Amino acid sequence: MKKTQRKEIENVTNITGVRQIELWRRDDLQHPRLDEVAEEVPVALVYNGISHTVMMVTPQHLEDFALGFSLAEGIVQDVSDVYDIEVQPGCG
């Protein structure tokens, strides 16, 4: 993978995967508390220019997810069958 491509990938995958939200309890509406929830993003998997699926995943380790999905679905038989995995930031 080229270094310029790697920099783009880091911009996508260095997200923490969690975000903070305010929780309001019915018995204490004056004092919300912060909590963390897992964040999910849509990821489209495209093979040889053909869209295969869109999955909701945490935004970390996208290359590993793509490889594991490809193996589990039988799209590839072995890791050596994969020549390149490219992560491209989406619009949003």
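FYI, it's all coordinate maths here, none of it is from the lab. In this text the structure is predicted, and so the values were computed from the model without any measurement. Because the Cβ atoms are built from the backbone with ideal geometry, glycine has one as well, and the counts that use them run over all protein chains shown.
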Note the full-extension length gain between H31 and V54 as 0.36 nm times their separation in residues minus their Cα-Cα distance, in nm to one decimal.
4.4 nm
Across the alpha-carbon set of region 25-92, Rg over Rh with Rh taken as the Kirkwood radius works out to 1.22
Measure off 7 Å from each Cα along the Cα-to-Cβ vector at V18 and Q88, then give the distance between these two points in nanometres to one decimal.
3.3 nm
Taking the highest mean first, how do the peptides 67-77, 42-52, 20-30 order by number of other beta carbon atoms within 10 angstrom per residue?
67-77, 42-52, 20-30
